[in-house]
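This report refers to the structure that appears directly beneath it.
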Amino acid sequence: MNFLSDILQLISWALILLGSIMVIIGALGSLRLPDFWSRLHAASVTDSGGVILILLGMGIHSGFNLITFKLFLIGVFLFITGPTSSHAVANAALVSGVKMPSKKKKKTGAKK
Amino acid sequence: MMLAIPNFIFLVALILLFIAMVLVLIRLYKGPTLYDRVLSTNSFGTNTVLFIGVLGFLSDRPDFLDIALLYALINFVATIAILKFFRYRAIGDILIKRELKK
């Protein structure tokens, strides 16, 4: 019984560390990538990977009680609204004409 | 000895989340277009939700999760409202302006 709870604690620590590493990868990509569309791609790592891993780790850590239900609620809400707001930002940028990274520039650059 | 490790793990996660929030704020400051800023605002809100949750677990008061849920709700509404405002230059009365144009 004690052994099982120790293993659950280890799993929750690993999930929390992996989730925070995902979050910092998303932030670093959102800072360093050169283009708006690639930054959009990097910011969704935080929305999907980091949130799910950290909330799952905290839920395993806290056992099964009201806190787990609140974590489940936050996870479901973020999992619905994260892609929705990301899609809204991408659609607004596409309509207003943020320029795409075009392949023609690369081809002409390679020829020159 | 075994009791000190969870606090250490939560502290490490808190520091990593704080560094991620600072990086997103730098992109928010120097983003060239508007949509970079909206995107980093959204990402900053998600990081804030996780930060408040981990802070509550670190200080053994997980009641902070209510505040985290509230932040998630406000963040989504704020992103959609900012995008709608910069699309139509108005939040409330879009239909009236269209009718006036016709």
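The values are calculated or read from the model by the stated rules, or taken from the named source; none is laboratory data. Every value quoted in this text rests on a predicted model; they were computed, and no experiment measured them. Positions of Cβ are generated from backbone atoms using ideal geometry, with glycine treated the same way; all protein chains shown enter the neighbour counts.
Check whether at least one residue in segment A:92-103 is hydroxyl-bearing (Ser, Thr, Tyr) and more than 9 Å from chain B (Cβ to nearest Cβ), and report yes or no.
Yes, segment A:92-103 has at least one match.
Within segment B:41-55, is even one residue surrounded by fewer than 22 Cβ atoms within 10 Å (Cβ to Cβ) and more than 18 Å from residue A:82 (Cα to Cα)?
yes
Out of (1) of a type outside the set (A, V, I, L, M, F, W, C); (2) within 25 Å of residue B:7 (Cα to Cα); (3) under 17 Å from the mean Cα position of the chain (by Cα), the odd one out for residue A:39 is which?
(2)
Can you pull out every residue in segment B:19-33 that is surrounded by 15 or more Cβ atoms within 10 Å (Cβ to Cβ) and more than 8 Å from chain A (Cβ to nearest Cβ)?
B:25, B:28, B:31
All but one of (1) free of Cβ contacts under 8 Å to residues at least 12 places away in the same chain; (2) more than 9 Å from every other protein chain (Cβ to nearest Cβ); (3) closer than 27 Å to residue A:93 by Cβ hold for residue B:48; which doesn't?
(1)
Among the residues of segment B:57-78, are any crowded, with 21+ Cβ neighbours inside 10 Å, modelled with pLDDT of 85 or more, out of contact with any Gly (no Cβ under 9 Å at 6 or more places or on another chain) and on the phi < 0 side of the Ramachandran plot?
Within segment B:57-78 (the criterion being crowded, with 21+ Cβ neighbours inside 10 Å, modelled with pLDDT of 85 or more, out of contact with any Gly (no Cβ under 9 Å at 6 or more places or on another chain) and on the phi < 0 side of the Ramachandran plot), the answer is yes, since at least one residue qualifies.
Does residue A:74 satisfy being under 17 Å from residue B:68 (Cα atoms), at pLDDT 90 or above and buried (at least 16 other Cβ atoms within 10 Å of the Cβ)?
Yes; evaluated as a whole, the condition is true for this residue.
Residue A:75 passes all but one of (1) at the interface with chain B (Cβ under 9 Å from one of its Cβ atoms); (2) of a type outside the set (Lys, Arg); (3) free of Cβ contacts under 8 Å to residues at least 40 places away in the same chain; which number fails?
Checking residue A:75 against (1) at the interface with chain B (Cβ under 9 Å from one of its Cβ atoms); (2) of a type outside the set (Lys, Arg); (3) free of Cβ contacts under 8 Å to residues at least 40 places away in the same chain, the one that fails is (1).
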